[in-house]
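One structure, pasted below without further comment.
The values are calculated or read from the model by the stated rules, or taken from the named source; none is laboratory data. Owing to the predicted nature of the structure, the values given are computational and were not obtained by experimental measurement. Here Cβ is always computed from backbone atoms with ideal geometry, including for glycine, and neighbour counts include all displayed protein chains. For accessibility, only protein heavy atoms count, side chains too; no ligands or nucleic acids. Shrake-Rupley method; radii C 1.70, N 1.55, O 1.52, S 1.80 Å.
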Amino acid sequence: MKPSQKGFVRLIYATKYSWLGLRAAWRCEAAFRQELVSFCVLTPLALALPVGGLEKLLLIGSIIAVIVVELLNSAIEAVVDRIGKEKHELSGQAKDMGSAAVLLTLSMAISTWVYVLFSNFAV
């Protein structure tokens, strides 16, 4: 994108680059594919559940959060790998922290689903 681009043209280019990023993640990242498939399965389920709008938003939003953090983690890994393949403590830390962020977000999503389901459907 040229620095002089403004307004709608800039939005078009930004959208194009976003789609390229999603396509690259789909092509190269198994975890992203799994999470996106989970989103496609769980979103209709969340919409069909007899729960309130806010609860539906939390269920769907928690899955989207996992996907967003996975994309950020994949970006960190790509940059670290681009810098060099040799082992370095800071490179390992960066990758481990990105992975930890995914784990925490996934834990939050699971907790959200368990809480909503059990608080509404417990016998």
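Residues of the range 93-123 with the amide nitrogen closer than 19 Å to a label point 7 Å from the Cα of Leu49, along Cα-to-Cβ, please.
Under cut-off, by backbone N: 105-123.
Could you work out what % of the accessible surface of the chain is carbon and sulfur, using a 1.4 angstrom probe and leaving DNA, RNA and ligands out of the count?
71
Would you check the accessible area of Phe8, probe 1.4 Å, heavy atoms only, in square angstrom rounded to 10?
We get 140 Å² for Phe8.
When ligands, DNA and RNA are left out and all protein chains stay put, how many square angstrom of accessible area per residue does the chain have with a 1.4 Å probe?
71
If R0 is 30 Å, what FRET efficiency do you get for Lys56 and Ala30 from their C-beta distance, rounded to 0.05?
0.60
Probe 1.4 Å, all protein chains in place: accessible area of Ser119 in Å², nearest 10?
Answer for Ser119: close to 70 Å² accessible.
Also, I was wondering about something else. Net charge within 9 Å of Ala25 by Cβ-Cβ distance, Lys/Arg positive one each and Asp/Glu negative one each, not counting Ala25 itself?
Within the 9 Å Cβ shell, the charges total +1.
Kindly sort Val69, Val116, Val79 by accessible area of their heavy atoms, largest first, with the probe set to 1.4 Å.
Val79, Val69, Val116
Multiply the residue separation of Ile110 and Lys87 by 0.36 nm, subtract the distance between their alpha-carbon atoms, and state the gained length in nm to one decimal.
Taking 0.36 nm per residue and subtracting the Cα distance, the gain is 5.0 nm.
Out of [x] 0.95; [y] 1.08; [z] 0.98, which label holds the value of Rg/Rh (Cα atoms, Kirkwood Rh) that was computed here?
Read-out taken from this structure: [y].
Enumerate the aspartates and glutamates that Lys87 could reach by cross-link, defined here as Cα to Cα under 20 Å, with residues fewer than 8 away along the same chain left out.
Of all the aspartates and glutamates, those that pass the test against Lys87 - Cα under 20 Å, at least 8 places apart if same chain - are Glu77, Asp96.
Hey, what number do you get for the chain at 222 nm if only DSSP H runs of n ≥ 4 count, each worth -39500 (n - 2.57), divided across all residues, to the nearest 500?
Theoretical 222 nm ellipticity from helices: -30500 deg cm²/dmol.
Compute the longest continuous run of the chain that contains no exposed trypsin sites (Lys or Arg not before Pro); treat a site as exposed when its DSSP state is not H, G, I, E or B and it has at most 13 other Cβ atoms within 10 Å.
In short, 7-84.
Evaluate the charge dipole of the range 31-122 about its Cα centre and quote only its size in Debye, nearest 20, assuming +1 on the Cβ of each Lys and Arg and -1 on the Cβ of each Asp and Glu.
120
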